[in-house]
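Okay, structure first, notes after.
The values are calculated or read from the model by the stated rules, or taken from the named source; none is laboratory data. Remember, it's a predicted structure, so these values are computed and weren't measured experimentally. So basically every Cβ, Gly included, is an ideal-geometry build from the backbone, and we count neighbours across all protein chains shown. The area values use the complete protein model at the heavy-atom level, side chains included, leaving out ligands, DNA and RNA. Shrake-Rupley method; radii C 1.70, N 1.55, O 1.52, S 1.80 Å.
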Amino acid sequence: MLNIAVFVSGRGSNLRAIHEAVERGTLDAKIVLVLSSRDDAPALTWASARGIPTASLQGIAADEVATNIVQHLESAGTDFIALAGYMKRIPEEVVRWYRGRMVNVHPALLPSFGGKGMYGERVHKAVLDAGVRVSGATVHIVDEEYDRGPIVLQRCVPVEENDTPASLAERVLAVEHALLPEALQLFSRGQMEVRDGRVQSTKQR
Ligand code: GRF
């Protein structure tokens, strides 16, 4: 059983997918905290309405953000973090503190179409501009580099000829909603760990 903190900045559909997986019993976890970079994130309102503890980092001085995050995480009893549409850089101190215990969901097949500035519709526009036939979703471990940490799970989404960034985003998002809870469940069950810079099954010892 994992005590998960979910970091958000916007609408929070992945947060809802995690919550639904917990309710359904397909994810052995509890959402102990929803932490947002913005006071007005719809995800924060959604979580508060369900009695899930929330916190916002808006207005916190830059040099206090890391300490603030760690304090929130520790007082909520967090043992794993899911970044689900969190738009701010994670301070290195937090990455170190939760090394191997923090994942992010990205709406493309990393290491392609990731990195600084690659978020939202920009990702899907880049995918369509490149003319690739397959896109998808990735869940990866968060380290010091944007979208570069060890990959936990990936799933493909075919690119259709008449796709727009919005239509592709919609199909990728539906896949994200399954993939992120699945990835979290692997950690909850202790079936995955990071070894030698890769995410590996604990059975392969
Ligand atoms: C998702 O597409 C995710 O891949 C990206 O940000 C988006 C968040 O969507 N990192 P939501 O807030 O979970 O609906």
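Brief remarks follow.
- Choice from 54, 78, 67 with maximal GNM fluctuation in the chain (Cα, 10 Å cutoff): 67
- Rolling a 1.4 Å probe over the protein heavy atoms gives segment 2-191 an accessible area of 47 Å² per residue.
- Computed Kirkwood radius, in angstrom, where 1/r is averaged over Cα pairs of segment 45-135: 15.4
- All lysines inside 29 Å of residue 30 as judged from Cα atoms, apart from same-chain residues fewer than 8 positions distant: 88, 203
- Mean projected area (nm²) of the alpha-carbon convex hull when segment 61-205 is viewed from all directions: 9.4
- Accessible area of the chain belonging to carbon and sulfur atoms, whole % at 1.4 Å probe: 48
- Between residue 182 and residue 125, the simple label model (points 7 Å from Cα in the Cβ direction) yields a spacing of 3.0 nm.
- Cβ-placed point charges (K, R +1; D, E -1), dipole of segment 2-191 about Cα centre in debye, nearest 20: 220
- Label-point separation in nm, residue 161 to residue 87, each point 7 Å along Cα→Cβ: 3.6
- Cβ-based charge dipole, segment 2-191, positive-most Cα from 127, 188, 162: 188
- When the Cα positions of 42, 178, 58 are compared along the charge dipole of the chain, 178 comes out farthest toward the positive end, with charges on each C-beta of Lys, Arg, Asp and Glu.
- Residue-averaged [θ]222 nm for the chain, counting only DSSP H segments that reach four residues, each worth -39500 (n - 2.57): -10500 deg cm²/dmol
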